[in-house]
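Beneath this line is the structure, given in structure tokens, with notes to follow.
The values are calculated or read from the model by the stated rules, or taken from the named source; none is laboratory data. Predicted, not measured: the structure shown is a model, and the values here were computed from it. Quick reminder, even Gly has a Cβ in these numbers, built from the backbone with ideal geometry, and neighbours come from all protein chains shown.
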Amino acid sequence: MNWVSYPAFADRLLSMIGIEVHWIILQYILGLPLMAVIAEIVWLKTKDEKWLKISKTIAKGFIMVFAVGAAMGTAAEFGLVLLWPNLTEIAGKYIYFPLYAEIFAFMMEVVFIYMYYYGWGRLPEKVHVLVGTLALIGAWFSATMIVSVNCYMQAPTGILLGSYAKSFPKLTLYVPNSIVSALNVTALQLAGMDVLGKTGNSVIVAMPSKIVKVIVADAISGKPLSKSILWSVLTSSAKTKLANVSTMAILDAIMLNTVKHIGVYTITFKSPVFVPSVLHAVGSGIVVSAFTVMAFFGYSAYKRKSEHAKLGYKYGVLFSLVSIIYQGFVSGHEMGVAVAEWNREKFAAILYGSPPFVEKIEYTLAGVKNYISYNQIPLWLRPPTIIHWLYYTKITLAVLLGLSTLILAYFLFIKKRYVYSKYFLILPLIAQLVSFLGWAVREIGRKPWTIYGIMDVKTAHTINPPPLWVDFLVEAYFIGLLIVLCYAVYRFLWKAGEVKA
Amino acid sequence: MIIEFLALTFGLHILLVNLAIGLSTVIPLMKRAGEKSGNDELILTSRKLMKFYAATYGLGGVLGTAFTVFLLSFYPGFIGLAGNIAFVPFAISILLICLHFISIVVYWYGWDRLSKNTHFLVGLCMMTSAILIPLGFRAIFGFLNAPIGLELQPKLHLNTIQALMNPTFLVLYPKSIFASYTLTFFILSAFLSKNKELSIKFAKYGLVTLLITVLLGVAYAETLRVISPYKFANALGFIFSMHAEYNISWLFIFKIIFVVIQFIAAILYLRSRKSLAAKVAGVSAMISVVSGELLNALSQYPMLVANVSGLPSNVVKQLENILNMAKPNPLTTMNSLYAITLAFLIPLLICFALLMYMVSKD
């Protein structure tokens, strides 16, 4: 299916650009503090001033971009509120905690990142390292919270997969007894609902997503029960009492009860794709940062032949090598396994059009035996096939990055030769592109859902979308800001090449 | 505790953003004046202020985000409704925040690296964006006073032009800007008390903007009396013996006391040149701005939109729960959440105070 043909294409594109600009910048906040703090620790151990200079230069880099990244984060947040207000409302109601906790992470970043910068020479050395570590923890804490919400959107806690013929996917719900008594359970079972068990105050059911998404859409659009899909499964006595009750009230009662049973504070962290997603997202930030540091110091050494730049380059190459191996073989592999297991439609779309032996290899690597092909997926569940091309472009570029780092490391550490070309400046751009493509596969591949199995794109969308020209202007504005920021970094940090902290 | 958390984050946010609007205006103009007159001390002072601003503006932003996320968690239905109808006012503010942040970065790192004229232009961009950011947010506040511009046909939407013509917004926006200047001028007057000439100048500016703010405050109260009487009665209806559902007039009296104190302290400072008077004026300005904002926000309690009398009764009934501050998200009313919030907030605010101390010590 064509990516453009899903609802609200223009606003999806605007969200994609806004979030991507934020993501381009914030990856440096995930990786650069780690590299700066390690360099500072090495300086404390060796007292080699070159390491101090490396640490300060890296710190200046993330200080410069942090504020704009934060502002773009605010823009992304408001973008979600304004373009996808119904998603935001549902998230605020049922899975608010990680968003709430992220505020404290954000505050940690703001306080400790600036304290790290302004504390140089003012704080005792070990305290300064501690402050840098707290800034890093703040950044990773922040990423973990946001990614957990995204994980719930990819594979919500309680999602059950199985045969499409038996109405899967289904969502585990804890329906309060008071509501169960108003429902015609037999009719719901005929529609594919399974009763899984009971608790003191509720019945645990597996509700087909095709029903859940209509209930959510009815609730969001303000329908009373008499006009909702639930009307057909109410008992006749309930119909006389509840006709004017809002569908939202019923949805709230079921979802709030479900969240309480699963865990108000932990529900998003129990998403089956949570751990690999966090490892992969943070890894991506480290890879992009490492390649940027390598290119910066390499360029600096190439231009000025300074010893600290050569050491910084070595540091960058080593970090790039280690991080890309981790990203490819550890977190990337785990991510792939999780996608194959929990995002079956997405995985099938990724492999759509691949030769059968490639399909077989991918599923074998992921450890999945009973897999589906794209054409077996019902039409209403099919993701866009563009992710096939995005994924393989990403993999090709990632392999190229890995090989180029391996070659550089070979010359640097085995042959003891310093090799650099100004064309290496393209490497961090490729790393950014790989990261973008990975994220695009994840997000585009979730369509037609906004929250898998719960809310589709149309339901999440605002009832008052901006006109196309506004979308276009805002996109141009975001890209313009990114260009200005890149120029500022180039002019005040890259070109200057020296630290004036 | 929910209202207390909202008040704390909002109060601190307001304090920092008021300072941000003032500093964004003073810094580039002061530097330019120094360059034109060859006064190096002005340039140096401007740089010191910029260093302070560059280190602290982020927290003002973060507290604004915190306030929004708290609102989203406690009142998700309200944020959902606002998101569906208020694209233009929010977009104005958000796009300007992005511009403001990048202009701060370029202005700070471009110091002595850009030509003087280019640097000044960036400074003007920093100043203009700071002044315009509240435009969208204040339009929302105006809407919360009375939902002027809300139209139900052919579907629920906001008529932006009408919303921007809301009388409470038209007065509240300039009042906010002048209040920011008053706060900044009095704080700078106290902060720079070693440089008597500059300090006195800021005290004089502060007095002028304070008078304008007070006049605009009276006009704002009058617009509230006319189009948002519920809110007016809660805030200061006691003067007119009006019945108040949620009487918060003590906060109004508190605010007025500090307005009077800053006025007297500023006059005393101009006469006696004693720096203590300047400090009293600065601190009073901070207290009066924060208390004024809290008065404005809380006087419509428990309603998030103060006056819904112009809406059809079925719509009001439908929005009843969404717009009621006394009915927060049931998942957020646990004591453990408040404990978690305090456990994070208190040490982080202490660390922030330490950061401010470190930066201002130079």
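Quick notes on this structure:
- Among the residues of segment A:110-139, those identified as closer than 18 Å to B:Thr341 by Cβ and buried (at least 24 other Cβ atoms within 10 Å of the Cβ) are A:Val110, A:Val111.
- Some residue of segment A:396-408 being touching an Asp or Glu at 6+ places or on another chain (Cβ under 9 Å), assigned by TED's automatic domain parsing to the domain that holds A:Ile17 and at pLDDT 95 or above: no
- Candidates A:Val81, A:Val68: the one that is under 20 Å from the mean Cα position of the chain (by Cα), crowded, with 24+ Cβ neighbours inside 10 Å, at pLDDT 90 or above and of a type in the set (A, V, I, L, M) is A:Val81.
- Total residues in segment B:281-312 satisfying the condition of being free of Cβ contacts under 8 Å to residues at least 60 places away in the same chain and touching a Leu at 6+ places or on another chain (Cβ under 8 Å): the figure is 1.
- Residue match in segment B:69-80 (condition: crowded, with 18+ Cβ neighbours inside 10 Å and farther than 21 Å from B:Thr9 by Cβ): no
- Considering residues of segment A:188-209 that are surrounded by fewer than 18 Cβ atoms within 10 Å (Cβ to Cβ) and assigned to a helix (DSSP H, G or I) only, the residue nearest to the chain's Cα centre (by Cα): A:Gln189
- For segment A:81-96, the tally of residues that are farther than 13 Å from A:Val149 by Cα and more than 7 Å from chain B (Cβ to nearest Cβ) stands at 2.
- For the condition small (Gly, Ala, Ser) and within 11 Å of chain A (Cβ to nearest Cβ), B:Gly110 qualifies.
- Evaluated against (1) of a type in the set (D, E, K, R); (2) surrounded by fewer than 18 Cβ atoms within 10 Å (Cβ to Cβ); (3) under 21 Å from the mean Cα position of the chain (by Cα), A:Lys346 falls short on exactly one condition, (2).
- When residues of segment A:442-477 are limited to those that are facing chain B (nearest Cβ under 10 Å) and aliphatic (A, V, I, L, M), the one nearest to A:Lys394 (Cα to Cα): A:Val474
- Residue identified as more than 9 Å from chain B (Cβ to nearest Cβ) and assigned to a helix (DSSP H, G or I) among A:Val42, A:Val68: A:Val42
- Entry remark, segment A:400-423: residues being among the aliphatic types (A, V, I, L, M) and in contact (Cβ under 8 Å) with a residue 40 or more places away in the chain number 5 in total.
- Look at (1) under 30 Å from B:Val218 (Cβ atoms); (2) in a helix (DSSP H, G or I); (3) more than 14 Å from chain A (Cβ to nearest Cβ) and you find that B:Ser93 fails only one, number (3).
- Per the conditions (1) crowded, with 20+ Cβ neighbours inside 10 Å; (2) closer than 26 Å to B:Lys31 by Cα; (3) within 15 Å of the chain's Cα centre (by Cα), the sole criterion not satisfied by B:Tyr109 is (3).
- Within segment B:319-343, considering residues that are in a helix (DSSP H, G or I) and surrounded by 16 or more Cβ atoms within 10 Å (Cβ to Cβ), the one modelled with the lowest pLDDT: B:Leu319
- Residue in segment B:97-105 that is touching a residue at least 12 places away in the same chain (Cβ under 8 Å), more than 10 Å from chain A (Cβ to nearest Cβ) and part of a helix (DSSP H, G or I) present: no
- Restricting attention to segment B:223-261 and to residues that are part of a loop (DSSP other than H, G, I, E, B) and touching a residue at least 40 places away in the same chain (Cβ under 8 Å), the residue that is surrounded by the most Cβ atoms within 10 Å (Cβ to Cβ) turns out to be B:Ser228.
- Here segment A:50-65 is the region considered, the condition is being more than 23 Å from B:Leu99 (Cα to Cα) and not hydrophobic (A, V, I, L, M, F, W, C), and the residue that is farthest from the other protein chains (Cβ to nearest Cβ) is A:Lys50.
- Any pair with Cβ under 7 angstrom, 6 or more apart, that starts in segment A:377-396 at a residue that is outside any helix (DSSP H, G or I) and ends at one that is surrounded by 18 or more Cβ atoms within 10 Å (Cβ to Cβ) and of a type in the set (Val, Ile, Thr): A:Pro384/A:Ile444
- Within segment B:137-173, no residue satisfies the criterion of being more than 24 Å from B:Val289 (Cβ to Cβ), away from every other protein chain (no Cβ under 14 Å) and of a type in the set (Ser, Thr, Tyr).
- When the criteria are applied in full, A:Leu99 meets the requirement of being within 13 Å of chain B (Cβ to nearest Cβ), surrounded by fewer than 24 Cβ atoms within 10 Å (Cβ to Cβ) and in contact with a helix residue (DSSP H, G or I) (Cβ under 8 Å, 6 or more places away or on another chain).
- Hey, A:Gly316 touching a helix residue (DSSP H, G or I) at 6+ places or on another chain (Cβ under 8 Å), in the same structural domain as A:Ala39 (by TED's automatic domain parsing) and surrounded by fewer than 18 Cβ atoms within 10 Å (Cβ to Cβ) or not: no
- Residues of segment A:313-371 classified as outside any helix (DSSP H, G or I) and not small (Gly, Ala, Ser), total: 7
- Which listed residue, of B:Lys274, B:Lys204, is of a type in the set (D, E, K, R), closer than 20 Å to B:Leu19 by Cβ and either surrounded by fewer than 17 Cβ atoms within 10 Å (Cβ to Cβ) or touching a residue at least 24 places away in the same chain (Cβ under 8 Å) (or both): B:Lys204
- Here A:Lys239 qualifies as without any contact (Cβ under 8 Å) to a residue 40 or more places away in the chain, surrounded by fewer than 23 Cβ atoms within 10 Å (Cβ to Cβ) and touching a helix residue (DSSP H, G or I) at 6+ places or on another chain (Cβ under 9 Å).
- Whichever residue in segment B:54-77 is touching a residue at least 12 places away in the same chain (Cβ under 8 Å) and facing chain A (nearest Cβ under 7 Å) and, among such residues, is nearest to B:Val17 (Cα to Cα): B:Gly61
- Of all residues in segment B:19-53, those being of a type in the set (A, V, I, L, M, F, W, C), within 14 Å of chain A (Cβ to nearest Cβ) and buried (at least 21 other Cβ atoms within 10 Å of the Cβ) number 2.
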